[in-house]
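**Q** I have a structure here, written as structure tokens, and I will follow up with some questions on it.
The values are calculated or read from the model by the stated rules, or taken from the named source; none is laboratory data. None of the values given here were measured: they were computed from a predicted structure. Using ideal geometry, Cβ is built from the backbone for each residue, glycine included, and neighbour counts are taken over all protein chains shown. These area figures cover heavy atoms from the full protein model, side chains too; ligands, DNA and RNA do not enter into them. Shrake-Rupley method; radii C 1.70, N 1.55, O 1.52, S 1.80 Å.
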Amino acid sequence: MKKILFCLFLFCILSSKGQSYKITYEKWSNGTKIENQDPILVFTNSSLTFVTSMGIIPGKNNFPFEETYIDRRKLSLIQSAQLNQNKSIATRDSLALGKQTFELLNETKTILGYKCQKAKTIINSNTIELWYTKDLSVQGSPTVLGQNLGLVLEMNRNGNFVITATKIEKLKKLPAEIALPNSNFSDGLTYRDLLWKSRFITLSVFENETINFSDKSKSNDSILRFANGTVILRKVKFPEIKNGNPIFAELKTNSTGDAYDRTGSLFVIPIKAKNSFFDGLEKGINTLPIFQNGNGKSYQGVVLKDDYQPLTELMRFFTPFGIKQYNHISLKDKNWFNEVPYRQDISELQPILSGQEMWVGAFIGNYDQGGHRVSVEITIHPQENETKKTAFALPLFNTTNVMEMGGQEYATMFSDEKGLEVTFTLDKPIKNAQLRYITTGHGGWENGDEFVPKKNSIYLNEQLAFSFIPWRQDCGSYRLFNPASGNFGNGLSSSDYSRSNWCPGTVTNPMLIELGDLSVGKHTIRVQIPQGLPEGSSFSAWNVSGILLGELTE
């Protein structure tokens, strides 16, 4: 009899070890079930746990997708990702699960008929509570976390996001297609980097290209150079971009000779445009349409006129004083950076960029043969919650004289009370119109507009739409970008001083100025700034760019 009972006991143990399960989990946010979600699926037995999503269907997947394996015989975590139809990556970590620590609590509750115990941990300031059961004699979890506790049936993050089991199914064995990856394994850091980069589109524009002032600067098959090398262009084909998908421009720079803070601009020119700023680059600045306001000067290519569109400015940036090249200048407790990263959201320019072939250009105004080195990339980030609205964008003006070293006039038109004026015609009404307005004041002496606050006033059809004083008071935050910044007797460095909407080593953010709804027909926008008077050979100027944004009505 004892032998029979022992055999039954042994059979139950072996049966339990051989049992496989499929658990379905759903997600909740702030007490509400998340709609249109792909439930998480966990397949597990005594030797293997597999975590995937119900939305992953072989041959019909939205790439990239990631799956997790727990090899319980070797106590290792394996993560595998399919980046596209032809490329997969994987990584194995034999230490990760053992590093997880939990506070085991006495609280219990029942989930799907199984008694569960509570465990808690804190990760990156997030409090995570796990409810797990040991009644099924298997382990598993809907995420990497808690895989060795038991079978986790609920996970609660900060009390507002919950993953909970909704169904537990017994299986005779795991599906035959569930097998450990046999591809080459990479280290964890490389794996995470490749997976992260696969989630968005990267357009590499420039990589360590020199922008300098030299008659030796020449174009090649891929990079065009103008204005003695101070302007560089490259042809880029933008994919179709859905409205609402984030777009980011990133530029990195350091000095390869120039010690001064300089104006920089990242911009685009449509390749198919019959009349564009590219004509001025290629044939000379005086081939562009002229703007005059009565102050006696002519300004080339700065406003919308007939079929001509001014430069579309993606980003206005300013180089610091000699970063990297002049890091040998030593000051106590100052550890200089080697590079300045500028990164800006330019999603509102989707109507201009989507599906278009563009000249993407970068300008840094300087008279140094060493100059600066720049790298530029543009990233597009697909997301599910795209807007259904039809977006509209029209470049109206840009006074930044990117052809400064090719004879383009400085933006001194604000010396006249009229300032800058542009007239445009709408074929369709625009709802919720905005002006994407970038402004920076220049004139780098004591009384120059760089250091004197000046009101900018924007008029729509001769009615004041908005006015403000563009001013940056945080320039001292970027001291470690500026090794060659001059130090004065009052204890300040040049890069510390507040300026008219810019600092050495920063991006100038656009203002979004509300214009209301605009009807079909002609409209006028005028920008007025009380520009300071010249003193000897010194003068002030204002670099302003404006793009009309809005929604097209049906």
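**Q** What's the angle, to the nearest 10 degrees (0 to 90), between helix 2-18's Cα axis and the longest principal axis of the chain?
**A** Compared with the principal axis, the helix lies near 20 degrees.
**Q** Then there is this: Whole-Hz ³J(HN,Hα) for each residue in region 203-214, computed from phi via Karplus 6.51 cos²θ - 1.76 cosθ + 1.60 with θ = phi - 60°, x for glycine and proline: what do you get?
**A** With the stated coefficients, region 203-214 comes to 9, 7, 9, 10, 9, 6, 8, 8, 10, 9, 10, 6 Hz.
**Q** Next up: Return the lysines within reach of LYS332: Cα separation strictly under 21 angstrom, same-chain partners fewer than 8 residues apart disregarded; answer none if there are no such residues.
**A** Filter leaves LYS324.
**Q** Separate question: Work out the FRET efficiency for LEU533 and LEU189 from their Cβ-Cβ distance, taking R0 = 51 Å, and round it to the nearest 0.05.
**A** Plugging the Cβ-Cβ distance into 1/(1 + (r/R0)^6) gives 0.35.
**Q** Turning to a different aspect of this structure: Go through region 152-195 and name the GluC sites (Glu not before Pro) that are in a DSSP coil and have 11 or fewer other Cβ atoms within 10 Å of their Cβ.
**A** When the GluC sites (Glu not before Pro) of region 152-195 are filtered for loop state and at most 11 Cβ neighbours within 10 Å, GLU177 remain.
**Q** Which of the trypsin sites (Lys or Arg not before Pro) found in region 370-399 are in a DSSP loop and have at most 10 neighbouring Cβ atoms, other than their own, within 10 Å?
**A** LYS388
**Q** Helix-only estimate, please: 222 nm mean residue ellipticity of the chain, summing -39500 (n - 2.57) across DSSP H runs of length 4 or more and dividing by its residues, to the nearest 500.
**A** The per-residue figure over the chain is -2000 deg cm²/dmol.
**Q** Note down the nm distance, to one decimal, between modelled labels 7 Å out along Cα→Cβ at ASN509 and at ARG199.
**A** 2.4
**Q** What is the distance, in nm, between label points placed 7 Å from the Cα along the Cα-to-Cβ direction at ASP215 and at ILE122?
**A** 6.8
**Q** Can you tell me how region 311-451 classifies by the Cα gyration tensor, rounded, prolate or oblate, using a/c under 1.5 as the rounded cut?
**A** oblate
**Q** Give the calculated FRET efficiency between ASN84 and ASN30 to the nearest 0.05, with a Förster radius of 51 Å applied to their Cβ-Cβ distance.
**A** 0.90
**Q** Pairs of alpha-carbon atoms within less than 8 angstrom and 6+ residues apart define the contacts here; what relative contact order does the chain have, in percent?
**A** 14
**Q** What lysines does LYS522 reach when the alpha-carbon gap must be under 30 Å and sequence neighbours fewer than 8 apart in one chain are set aside?
**A** Result set, ordered by chain and number: LYS242, LYS272, LYS274, LYS297, LYS305, LYS388, LYS389, LYS418, LYS428, LYS431, LYS454, LYS455.
**Q** Sorting TYR132, TYR114 by accessible area (1.4 Å probe), largest first, what list results?
**A** Ranked list, largest accessible area first: TYR114, TYR132.
**Q** Tell me the carbon and sulfur percent of the accessible area for the chain, rounded to whole percent, probe radius 1.4 Å.
**A** Solvent-exposed carbon and sulfur of the chain make up 49 percent of the total.
**Q** Okay, which of region 416-444 sit inside 18 Å, backbone N to the point 7 Å along the Cα-Cβ direction of VAL520?
**A** Under 18 Å, as judged by backbone N against the label point of VAL520, lie 424-432 of region 416-444.
**Q** Assigning unit charges at the beta carbon (Lys, Arg +1; Asp, Glu -1) and nothing else, what dipole magnitude in debye, to the nearest 20, does the chain show about its Cα centre?
**A** 2800
**Q** So, one more: Which far-off residues, 5 or more places away or on another chain, put their amide H under 5 Å from the one on LEU314, with H placed in the peptide plane?
**A** LEU266, PHE267, VAL268
**Q** While we're here: If you fit an axis through the alpha-carbon atoms of helix 188-197 and take the longest principal axis of the Cα set of the chain, what angle between them do you get, 0 to 90°, nearest 10?
**A** Once rounded, the angle reads 50 degrees.
**Q** Let me ask another. Pop a pseudo-label 7 angstrom from the Cα along the beta-carbon direction at both ASN208 and LEU75 and give the gap in nm to one decimal.
**A** 4.5
**Q** Now for a separate question. Please give the FRET efficiency for LEU105 paired with ASP333, using the beta carbon to beta carbon distance and R0 = 60 Å, rounded to the nearest 0.05.
**A** Given R0 = 60 Å and the Cβ-Cβ separation, E is 0.80.
**Q** For region 64-151, run through the trypsin sites (Lys or Arg not before Pro) and keep only the ones in DSSP coil with at most 14 other Cβ atoms within 10 Å of their Cβ.
**A** The qualifying sites are ARG73, LYS74, LYS87, LYS134.
**Q** Of PRO382, THR121, GLY448, which is farthest on the positive side of the dipole of the chain, counting Cα position, with +1 on Lys and Arg Cβ, -1 on Asp and Glu Cβ, and the Cα centre as origin?
**A** The one lying farthest along the dipole's positive direction is THR121.
**Q** Something else about it: Leaving out ligands and nucleic acids, note down the accessible area per residue over the chain with a 1.4 angstrom probe, in whole Å².
**A** Heavy-atom SASA per residue in the chain reads 49 Å².
**Q** If the reach is capped at under 12 angstrom between alpha carbons, list the aspartates and glutamates near LYS197, excluding any in the same chain fewer than eight residues apart.
**A** none
**Q** Between LEU112 and ILE56, what length comes free when the chain is fully extended (0.36 nm per residue of separation minus the Cα-Cα distance, one decimal in nm)?
**A** This chain segment gains 17.6 nm when fully extended.
**Q** Can you give me the pair-distance distribution of region 436-554, C-alpha pairs, 10 Å bins, whole percents?
**A** Distribution as computed: 12, 37, 29, 15, 6, 1, 0 percent.
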